Amino acid sequence: MKQIIAVLTVIAALVVVWYAACIPMNIKGVLTEQERAGAEVQPPSAKDRRDLSEIGLALNNSFAIPATWEQDRPRLPAPHQVAIELWETTVQKKITSKRSLIYHGWVTLSATMLGFAIGTGLGILLAVGIVHSRVMDLSVMPWAIVSQTIPIIALAPMIIVVLYSVGIQGIIPKAIISAYLSFFPVVVGMVKGLRSPDAMQLDLLRTYNASRSQGFWKLRLPASMPYLFTSLKIGVAASLVGAIVGELPTGAVAGLGARLLAGSYYGQTVQIWSALFAAAILAACLVGLLGLIERAVLKRMGMAQ
Amino acid sequence: MNEAGTTVIEARNLDLTFQTNDGPIHALKDVNLAINKGDFVSFIGPSGCGKTTFLRCIAALETPTGGALTVNGMTPDEARRSRAYGYVFQAAGLYPWRTIAKNIKLPLEIMGYSSAEQDERVNKVLELVDLAGFGGKFPWQLSGGMQQRASIARALAFDADILLMDEPFGALDEIVRDHLNEQLLALWARTEKTIGFVTHSIPEAVYLSTKIVVMSPRPGRITDVIDSPLPKERPLDIRDTPEFIEVAHRVREGLRAGHGDDV
């Protein structure tokens, strides 16, 4: 109960800061609109207002403050505007509609899941190779690290163009960009997990004359499970970012990335913010779902106490 | 094979030097020892005397750099591959994701026993270490002493004639340790295994062993081998008898002599 109150307090504080920030962000636009509508604005001409501070303007024209939370195309939309937009584009739209965030969310989610599956599979395979082969340890790991230093926003268009030229388009290029971001945490976590058994555990298997594959299946793999789930949670969030980034350079017509892009083309800030929140909520749900699976699996394995 | 007096482990002029960044470390020097079938042999000495290293050589976890070592008439590595011994480490090392029964099944699974046979053996060894009924528990649900007993059960589950134990009770308190020592003697009497036991407790070594090997460090070597005059039947209060005190005294003298002017 105490925790809930604390969390709600923090959220309330953030909302208050957000509303407050809307005032200086939107005041100039609001005053221009008010002036056109015939209201008395201090100072009266837009030219004079240009160089004045936003806070000063808001104080001089306090009648206009409520309007900063109600603009059609604000620089910074107020929380309730974003909430209403989210409500209207999820619950009140048919999911087949091109304006439904659920439809766009699903387009992004499907690419995310495919990319996450590819990235996780690749990550686990690489980790197994790295742990079992010294050559792979020395050759793959540096490249995996280098791969993550390249800005994905620079790489994504090239991946899309190259794949398009060999006839691959649609969900696959997005999934590959998404996989590109998500394999890395899985490799790092899995290598650490597969190497987590200590010397004594390995000696014990040696005294049984266990084969390498027995050592892998009976010791290394189960020991790596807690590490794997930690990596998967980071990986799935990275996957979502990858899928959204993959939608930006193609001028894709569907997906949360496309919503972000369209919103910025047409100055629809409310649409941008609601797409951002949709992405954040989606990521939170994915991470939360993985957390539940983690709890269930570890409990079944007897590792959660 | 079952007659007493058959040598199962024999070391002749055994040498082991570790190459480290600080130069070579002479872990074992000129070790000569014969362990007979059914012996309970304790290795005692201060840290760095090579007692654990010697045990690991027998288990083929280390490779000697000189001399000869045979286990059941084979090289240690051949003996390891024929699963000649069970090894109990200082920590229980049970897999947290396996129940006690499944932990004991681990070597049986690896060695390819049928699942009916696995169940039968698990029940047998659980009873042997007094853990019957705990098979379904996870390791964290057991006390440290019970975990160590489970790890002994795991080493007993397959038919190895030799049991190698590296300070198995080192991390336990004295009351638990006394209790486990008693149980270990009973278990040894029932199973007639040959046991190699590393410890740095004099009373533990004297109480348990038929043969006490006193070792000293730098370089690791054997300074004394004492054949215990104590009877095979040993209640805990045998530790107050003059014979026991005399053997303990001789072990202490051996340790002191080995230390030289280091102390």
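The values are calculated or read from the model by the stated rules, or taken from the named source; none is laboratory data. Note that the coordinates shown come from a computational prediction; the quantities given were computed from them, not determined experimentally. Here the Cβ positions follow ideal geometry from the backbone for every residue, glycine too, while neighbour counts run over all protein chains shown. In case anyone asks, the SASA skips ligands and DNA or RNA and just uses the protein heavy atoms, side chains included. Shrake-Rupley method; radii C 1.70, N 1.55, O 1.52, S 1.80 Å.
Selection among A:Ala179, A:Leu86, A:Leu14 by position relative to the dipole of chain A gives A:Ala179 as farthest towards the positive end (Cβ unit charges, Cα centre). I'd like to check one number: the per residue accessible area of the range B:93-159, probe 1.4 Å, reported in Å² as a whole number. Per residue, the range B:93-159 has 38 Å² of solvent-accessible surface.
Using a simple spin-label model with pseudo-atoms 7 Å out from Cα toward Cβ, A:Glu88 and B:His249 lie 10.0 nm apart.
Share of antiparallel DSSP beta bridges in chain B, in percent to the nearest 5? Close to 55 percent. Across peptide A:207-216, the average count of Cβ atoms from other chains found within 10 Å of a residue's Cβ is 5. List residues of the range A:175-200, by number, whose backbone nitrogen lies under 15 Å from a label position 7 Å along Cα→C-beta of A:Ser147. Under cut-off, by backbone N: A:175-191.
Using θ = phi - 60° and the Karplus relation 6.51 cos²θ - 1.76 cosθ + 1.60, list the HN-Hα couplings for the range B:66-80 in order, rounded to whole Hz, with x at every Gly or Pro. Here the 3J(HN,Hα) series is x, x, 10, 9, 10, 10, 6, x, 10, 5, x, 5, 4, 5, 4 Hz.
Heavy-atom accessible area for B:Arg83, with the other protein chains in place and a 1.4 Å probe, reaches approximately 60 Å². The range A:227-305 and the range A:143-213 have Cα centres lying 19 Å from one another. Can you list the residues of the range B:94-114 whose accessible area drops by at least 50 Å² going from the chain on its own to the full set of protein chains, with a 1.4 Å probe? Checking the loss per residue gives B:Tyr95, B:Trp97, B:Ile110. Among residues other than A:Ala127 with Cβ under 13 Å from its Cβ, the summed charge is +2 (Lys and Arg +1, Asp and Glu -1). With the simple spin-label model, which puts each label point 7 Å out from Cα in the Cβ direction, the A:Trp18 to A:Phe63 separation comes to 3.0 nm. The order of B:Tyr95, B:Tyr113 by accessible area, most exposed first and with a 1.4 Å probe, is B:Tyr113, B:Tyr95. Across the range B:249-254, coupling constants 3J(HN,Hα) worked out from phi with the 6.51/-1.76/1.60 Karplus curve, θ = phi - 60°, read 4, 5, 4, 5, 4, x Hz, and Gly and Pro carry x. Tell me the relative contact order for the range A:78-210 as a rounded percent, counting alpha carbon contacts under 8 Å between residues six or more apart. Reported relative contact order: 33 percent. Residue-wise HN-Hα couplings along the range A:5-11, as the Karplus relation 6.51 cos²θ - 1.76 cosθ + 1.60 with θ = phi - 60° gives them from phi, are 4, 4, 4, 5, 4, 4, 4 Hz; Gly and Pro carry x.
Checking the table A:Lys192/B:Lys102; A:Lys98/A:Lys174; A:Lys299/B:Lys102; A:Lys218/A:Lys299; A:Lys218/B:Lys211; A:Lys2/A:Lys94 against a 28 Å threshold on Cα-Cα, which pairs fail? Beyond 28 Å: A:Lys218/B:Lys211; A:Lys2/A:Lys94. Under the criterion of Cα pairs below 8 Å and six or more residues apart, the relative contact order for chain B equals 25 percent.
For chain B, the longest principal axis of the Cα atoms and the long axis of helix B:100-110 meet at an angle of about 80 degrees. Would you calculate, for the protein assembly as shown, the mean residue ellipticity at 222 nm contributed by helices, counting each DSSP H stretch of 4 or more residues as -39,500 (n - 2.57) and dividing by all residues, to the nearest 500? Mean residue ellipticity, 222 nm, calculated: -18500 deg cm²/dmol. Most simply put, the protein assembly as shown has about 55% antiparallel DSSP beta bridges, counting only bridges with both residues inside it. DSSP bridge analysis restricted to the range B:67-205 gives an antiparallel fraction near 10%, rounded to the nearest 5.
With a simple spin-label model that places each label point 7 Å from the Cα along the Cα-to-Cβ direction, the separation between A:Val10 and B:Arg81 comes to 5.9 nm.
A simple charge model with +1 on the Cβ of Lys and Arg, -1 on the Cβ of Asp and Glu and nothing else charged puts the dipole of the protein assembly as shown at about 2060 debye relative to its Cα centre. Simple rule: put +1 on each Lys or Arg Cβ and -1 on each Asp or Glu Cβ in the protein assembly as shown, find the dipole, and look at A:Leu240, B:Ala101, B:Thr194; the Cα lying farthest toward the positive end is A:Leu240. Taking amide H positions as modeled 1.01 Å from N, with prolines and chain starts lacking one, the residues under 5 Å from B:Asn36 and 5 or more places away or on another chain are B:Val8. Note on chain B: with neighbouring protein chains present and a 1.4 Å probe, carbon and sulfur make up 48 percent of its accessible heavy-atom surface.
Other residues with beta-carbon under 14 Å from the beta-carbon of B:Asp240 carry, at +1 per Lys or Arg and -1 per Asp or Glu, a net charge of -2. Compute the FRET efficiency between A:Lys299 and A:Ser45 as 1/(1 + (r/R0)^6), taking r as their Cβ-Cβ distance and R0 = 56 Å, and round to the nearest 0.05. Once the sixth-power term is evaluated, E becomes 0.25. Between the C-alpha center of the range B:191-263 and that of the range A:67-136 there is a gap of 70 Å. Distance from the alpha carbon centroid of the range B:91-147 to that of the range A:7-23 works out to 56 angstrom.
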